[in-house]
Amino acid sequence: MSERLAPGATVGILGGGQLGRMLAMAAAKLGLRARVFAPEADSPAFQVSEKPVCAPFEDIAALRRFAEQCGVITYEFENVPAHSLAVIEELRPVFPPRRALVSAQDRLAERRLLQACRLPHADFEFVAEAAALEPAFTALRGRGHATAYLKKLRHGYDGKGQLRLEGSQDIAAAQDWLGREAAILEAAVPFLFESSVIAARARDGDIVCYEPARNTHTHGILSESRVPSGLPERLIADAFAMTRAIMERLDYVGVIGVEMFAIGGDKPDSLVINEIAPRVHNSGHWTLEACTVSQFENHIRAVAGWPLGSAERHADARMVNLIGEEADAWADILAQAPHRSLHLYGKAETRPGRKMGHYCDLTPLNRAPSAES
Ligand SMILES: Nc1ncnc2c1ncn2[C@@H]1O[C@H](COP(=O)(O)OP(=O)(O)O)[C@@H](O)[C@H]1O
Ligand SMILES: [Mg+2]
């Protein structure tokens with residue numbers, strides 16, 4: 001096992017979005033330097049990076065030079081090519097481990113991981129090519145699932161790369177959409193709400209889990225996360241146990257996000273895992289304000305080989321994403337609530353569906369919601 005980083009050492013971050021930006025700021029807080037490697041010239045994380053490198057992930061020579069100047073490398077984005085990680089891990093430690101990246105990059109590999117851990121996930125069929133869609137749909141229908149999600153194996157995010165099928169009338173269009181790609185066809189889960197666990201695992205195996213959040217998505221994009229989630233204690237314990245099982249199986253180091261569906265009658269009685277993100281996660285942004293040690297700080301501590309901090313929260317929190325033009329109202333958003341914390345990601349261009357910032361409203365645990373505002 002590699003040495004722990006000393007203050008002043010450099011953490012390399014692959015990927016230049018808002019997650020990389022917040023990781024770099026957490027590294028700076030700890031007296032570590034952050035260097036960002038990303039392909040896009042206007043990457044938001046470049047603004048807070050020492051000597052950023054703008055090059056494609058496929059530029060092996062640039063990656064090697066970058067790695068040589070870092071003490072440890074991490075990533076904020078699960079679509080970094082696995083072979084790029086393989087190249088740099090010959091030079092420096094890379095966390096989370098490549099096997100975690102590989103399992104999360106491909107929806108079939110992700111399902112195989114859940115199966116190996118004996119964890120619940122939606123019923124699914126592998127669709128190797130467009131012609132296999134109809135029999136897959138028939139098979140799911142035969143098992144009692146009328147509605148399904150067709151998800152391309154790779155590169156999906158924010159609801160992109162997937163299509164909801166309401167019935168066999170949707171198959172032909174879905175085949176066109178799929179083209180020559182492979183996919184999984186997954187039964188639609190009739191969830192009460194969505195939830196997620198953010199957890200960190202240190203190099204020595206220590207694990208801390210943040211309380212599950214309750215997540216709301218709009219058009220496949222996370223719009224809001226809040227804690228407490230409304231999950232009963234028993235299901236919170238289940239969510240933690242499932243997350244620990246995944247981390248232990250992967251010999252994970254760093255922060256992971258595990259998305260889940262809460263299912264049941266009027267109240268949730270069980271959880272089904274939807275997706276695993278081998279990185280800090282949008283549904284954990286509330287930890288910046290509601291916990292002493294945020295997901296970003298715990299990720300940096302984990303990859304640097306430092307002791308983790310507590311995941312306990314000292315406030316109820318509601319995190320709201322600012323998508324596209326919503327962020328233009330930042331001044332009003334600030335004026336509305338004194339206990340509101342605002343984050344803007346420094347993105348030059350506003351685009352519909354693009355995450356431009358977020359805010360977090362806090363209610364300290366020992367104070368009534370309306371106090372002082
Ligand atoms: N099997 C499913 N049943 C019900 N809703 C689903 C299912 N799969 C995805 N969704 C909805 O679509 C959202 C995005 O899907 P997800 O698989 O998490 O992809 P990504 O976040 O990578 O775009 C989920 O958060 C959920 O709201
Ligand atoms: Mg998701």
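Figures for the structure shown
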{"quantity": "Scan of the stretch 27-59 for residues that are without any contact (Cβ under 8 Å) to a residue 60 or more places away in the chain, surrounded by 14 or more Cβ atoms within 10 Å (Cβ to Cβ) and either assigned to a helix (DSSP H, G or I) or on the phi > 0 side of the Ramachandran plot (or both), ordered by number", "calculated": "Ala28, Ala45, Phe46, Val48"}
{"quantity": "When residues of the stretch 85-117 are limited to those that are assigned to a loop (DSSP other than H, G, I, E, B) and without any contact (Cβ under 8 Å) to a residue 40 or more places away in the chain, the one surrounded by the fewest Cβ atoms within 10 Å (Cβ to Cβ)", "calculated": "Glu90"}
{"quantity": "Residue match in the stretch 352-367 (condition: touching a Cys at 6+ places or on another chain (Cβ under 7 Å), among the charged types (D, E, K, R) and within 16 Å of Val227 (Cα to Cα))", "calculated": "no"}
{"quantity": "Residue within the stretch 232-248 that is in a strand (DSSP E or B) and either at pLDDT 95 or above or away from ligand 2 (no atom under 16 Å from the Cβ) (or both) present", "calculated": "no"}
{"quantity": "First in the stretch 166-187 and without any contact (Cβ under 8 Å) to a residue 40 or more places away in the chain, second anywhere and not aliphatic (A, V, I, L, M), Cβ under 7 Å, 6 or more apart", "calculated": "Glu166/Thr147; Ser168/Phe137; Ile171/Glu134; Ile171/Phe137; Glu181/Lys152"}
{"quantity": "Residues located in the stretch 231-246, provided they are charged (D, E, K, R) and either out of contact with any strand residue (DSSP E or B) (no Cβ under 7 Å at 6 or more places or on another chain) or under 13 Å from Val208 (Cα atoms) (or both)", "calculated": "Glu233, Arg234, Arg244"}
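Table: residues versus (1) at positive phi; (2) within 13 Å of ligand 1 (Cβ to nearest atom).
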{"position": "Gly205", "(1), (2)": "yes, no"}
{"position": "Thr216", "(1), (2)": "no, yes"}
{"position": "Leu231", "(1), (2)": "no, no"}
{"position": "Ala239", "(1), (2)": "no, no"}
{"position": "Arg244", "(1), (2)": "no, no"}
{"position": "Met247", "(1), (2)": "no, no"}
{"position": "Asp251", "(1), (2)": "yes, no"}
{"position": "Asp269", "(1), (2)": "no, no"}
{"position": "His281", "(1), (2)": "no, yes"}
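The values are calculated or read from the model by the stated rules, or taken from the named source; none is laboratory data. All figures in this text were calculated on a predicted structure; none of them were measured in a lab. Here the Cβ is made from the backbone with ideal geometry for all residues, glycine too, and neighbour counts use every protein chain on show.
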